[in-house]
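So the structure is just underneath, and the comments pick up after that.
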Amino acid sequence: MTRPDFVFIMTDTQGANMVGAYGRPELQTANIDRLAAEGVLFERGYTNSPLCTPARSVIFTGTYPHLNGAWSNTLAVNPKFAHMGQRFRDAGYRTVYTGKWHLDGHDYYGSGLCPDGWDDRYWFDARRYLETLTPAQRTLWRSGLNTVEALREHDIRPEFTFAHGVSNRAIEFLREQRNRRDGSADDRPFVLVVSYDEPHGPFTCPSEYAERFVGYRYPLGPGAHDDLRDKPVHQQEWAAARPQTPYVAAGQGDYLENPRYFGCNSFVDSEIGRVLEAVERYAPEDTYVIYTSDHGEMWGSHGLWSKGACVYEENVRVPFIIRPPRDVSGAAGVSAGRRSVTPVSHVDLLPTMLDLAGLPVPPLFLGQSLAPWLTGAPDDPQRRVFVEWGRYELPQDHWGGFTPMRSLVKWPYKLSLNLFDTDELYDCGDDPHELKNRIEDPAYAQVRNALHDELLDWMYRDMDPFRGPPWERRPWRQDRKLTWRGGWTGPRRGWDDRYEPPRLNQRTGLPLEQ
């Protein structure tokens with residue numbers, strides 16, 4: 001079997017609502033739109049945790065943050081969980097990562113040290129990017145380009161940006177990989193991750209991109225007028241604390257004006273285009289291209305800004321596109337430009353890649369390969385997606401706090417358990433803007449309780465360390481108490497990730513499966 005190559009492209013803070021192919025053509029993301037036209041676009045792609053490090057921990061380990069330990073931006077992934085680079089390297093792949101990592105718990109920029117499993121020659125995290133800048137340029141990047149005029153005044157060119165450097169290393173690798181194969185020196189398949197910080201703030205881009213969006217008003221819709229009545233108190237406090245600063249542009253009424261964000265959003269698309277062009281030039285035959293973002297951004301919808309403990313579409317719905325290789329996309333019933341309404345999430349990505357490569361998917365993973373939907377399988381509109389939240393923590397720890405949330409999306413419903421707060425139930429079919437919290441509505445009691453059972457079973461099955469009776473005893477439900485098989489202590493589960501030695505039963509000393 002010839003194993004395929006993978007180019008995995010991701011952005012930061014780019015919800016599905018910020019991409020042309022998802023219904024916003026005026027946002028000028030032509031290269032991503034072309035990728036969608038040539039592959040399979042998942043309409044309902046979700047992050048499993050709408051915060052940088054937790055989201056990325058799911059993508060690269062195939063496990064949820066509550067299990068891998070990275071449930072805050074300052075908590076690194078537990079080293080016992082092998083990541084994408086290690087798994088594919090050990091399977092004989094060349095593994096390359098360029099761009100934002102944000103999984104080491106160090107700081108926003110990273111440590112500059114290449115983790116085990118990736119090729120140090122191409123490693124280019126934000127710390128290494130900073131080392132290419134003078135002290136004055138560093139400060140300029142982070143805090144000196146807060147207006148369109150400043151971008152113009154400083155004549156910001158693509159070559160100055162982090163995104164351009166990330167693309168350069170990806171293109172360099174693809175060119176070098178082609179030379180290796182042409183010279184028969186190294187015909188190993190490869191995994192190339194291209195991870196952009198953009199369009200995350202400070203929204204650095206050449207001024208001409210931002211200038212295109214001067215005066216553009218992004219419609220926030222009815223959600224902009226949500227008074228958050230009957231919603232969690234933490235959302236009300238979040239809305240009340242919304243900063244009015246040039247860095248976080250505020251919506252006016254029911255629209256948002258932020259030309260730098262929208263300009264940067266279009267600029268990163270142009271950088272993605274550079275990488276796609278290199279794929280076509282140097283590795284077109286056997287390469288899957290996968291594209292997603294770690295999470296979305298509220299931008300004033302529901303009165304909220306940034307990201308946080310909620311499952312509103314703006315926050316958790318992300319772009320999710322897979323383009324098969326040329327020799328696959330026209331076969332087995334796959335048609336270019338297919339749009340699937342099957343709900344999928346980040347936890348499915350690593351199992352998908354392993355499956356496509358003909359490699360075993362560890363039993364530890366609760367995600368599922370999406371390969372069937374790349375070859376024409378019927379959609380499963382009610383497929384389940386789980387979303388969680390733990391803590392919003394910056395190095396200075398001045399935002400958020402411990403707001404544990406566990407959520408289930410099973411279309412058209414969304415159930416969120418907010419451990420210390422009001423729970424939420426939305427019927428997105430009847431209420432697409434998620435304005436009406438149905439958690440206490442008797443008409444939804446049967447649906448709500450069934451979703452509750454599924455969500456609790458997931459928490460126990462995946463050994464969520466925060467699981468326990470408080471998630472079962474909710475103000476709106478007292479009839480389900482400690483009903484998991486095995487009673488109060490919950491289940492015991494093996495830990496077969498295909499890397500660690502099998503775990504043994506504490507009572508018998510035998511492998512757990514025995």
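The values are calculated or read from the model by the stated rules, or taken from the named source; none is laboratory data. As the structure is a prediction and not an experimental result, all values here were calculated from the model. Note: ideal-geometry Cβ built from the backbone for every residue, glycine included; neighbour counts use all protein chains shown.
Below, the figures for the structure above:
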{"read-out": "Test set (1) under 19 Å from Y288 (Cα atoms); (2) surrounded by 15 or more Cβ atoms within 10 Å (Cβ to Cβ); (3) basic (K, R) - R391 fails condition number", "value": "(1)"}
{"read-out": "Flag if G367 is assigned to a loop (DSSP other than H, G, I, E, B), touching a residue at least 24 places away in the same chain (Cβ under 8 Å) and either crowded, with 20+ Cβ neighbours inside 10 Å or in contact with a helix residue (DSSP H, G or I) (Cβ under 9 Å, 6 or more places away or on another chain) (or both)", "value": "yes"}
{"read-out": "Segment 131-153 - residue that is of a type in the set (V, I, T) and in a helix (DSSP H, G or I) and, of those, surrounded by the most Cβ atoms within 10 Å (Cβ to Cβ)", "value": "V148"}
{"read-out": "Among residues of segment 76-108, those that are crowded, with 20+ Cβ neighbours inside 10 Å and not charged (D, E, K, R), counted", "value": "16"}
{"read-out": "Test: D182 is at pLDDT below 95, surrounded by fewer than 14 Cβ atoms within 10 Å (Cβ to Cβ) and in contact with a strand residue (DSSP E or B) (Cβ under 9 Å, 6 or more places away or on another chain)", "value": "no"}
{"read-out": "F386 within 22 Å of R473 (Cβ to Cβ), in a loop (DSSP other than H, G, I, E, B) and among the hydrophobic types (A, V, I, L, M, F, W, C)", "value": "no"}
{"read-out": "Which numbered condition A163 misses (of (1) closer than 16 Å to R260 by Cα; (2) in a loop (DSSP other than H, G, I, E, B); (3) within 25 Å of the chain's Cα centre (by Cα); (4) not aromatic (F, W, Y))", "value": "(2)"}
{"read-out": "Total residues in segment 185-237, condition at pLDDT 95 or above, of a type in the set (A, V, I, L, M, F, W, C) and in contact with a strand residue (DSSP E or B) (Cβ under 6 Å, 6 or more places away or on another chain)", "value": "5"}
{"read-out": "Which numbered condition M1 misses (of (1) at pLDDT 95 or above; (2) among the aliphatic types (A, V, I, L, M); (3) out of contact with any Lys or Arg (no Cβ under 7 Å at 6 or more places or on another chain))", "value": "(1)"}
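Okay, residues lined up against (1) exposed (fewer than 15 other Cβ atoms within 10 Å of the Cβ); (2) assigned to a helix (DSSP H, G or I); (3) without any contact (Cβ under 8 Å) to a residue 60 or more places away in the chain:
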| residue | (1), (2), (3) |
| --- | --- |
| D155 | yes, no, yes |
| Q177 | no, yes, no |
| D187 | yes, no, yes |
| L192 | no, no, no |
| E198 | no, no, no |
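So that you can scan it fast, the table gives a plain yes or no per residue for (1) of a type in the set (A, V, I, L, M, F, W, C); (2) in a loop (DSSP other than H, G, I, E, B); (3) assigned by TED's automatic domain parsing to the domain that holds N78; (4) closer than 28 Å to D497 by Cα:
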| site | (1), (2), (3), (4) |
| --- | --- |
| H102 | no, yes, yes, yes |
| Y108 | no, yes, yes, no |
| P115 | no, yes, yes, yes |
| W118 | yes, yes, yes, yes |
| F124 | yes, yes, yes, no |
| Y129 | no, no, yes, no |
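For (1) more than 25 Å from P502 (Cβ to Cβ); (2) in contact with an Asp or Glu (Cβ under 9 Å, 6 or more places away or on another chain), each residue gets a yes or a no:
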{"site": "G62", "(1), (2)": "no, yes"}
{"site": "F88", "(1), (2)": "no, no"}
{"site": "R94", "(1), (2)": "yes, yes"}
{"site": "T98", "(1), (2)": "yes, yes"}
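For every residue, the table says whether it meets (1) among the hydrophobic types (A, V, I, L, M, F, W, C); (2) in the same structural domain as P189 (by TED's automatic domain parsing); (3) at pLDDT 95 or above.
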| site | (1), (2), (3) |
| --- | --- |
| R326 | no, yes, no |
| A331 | yes, yes, no |
| S335 | no, yes, no |
| S340 | no, yes, yes |
| H346 | no, yes, yes |
| M353 | yes, yes, yes |
| A357 | yes, yes, yes |
| P363 | no, yes, no |
| L370 | yes, yes, yes |
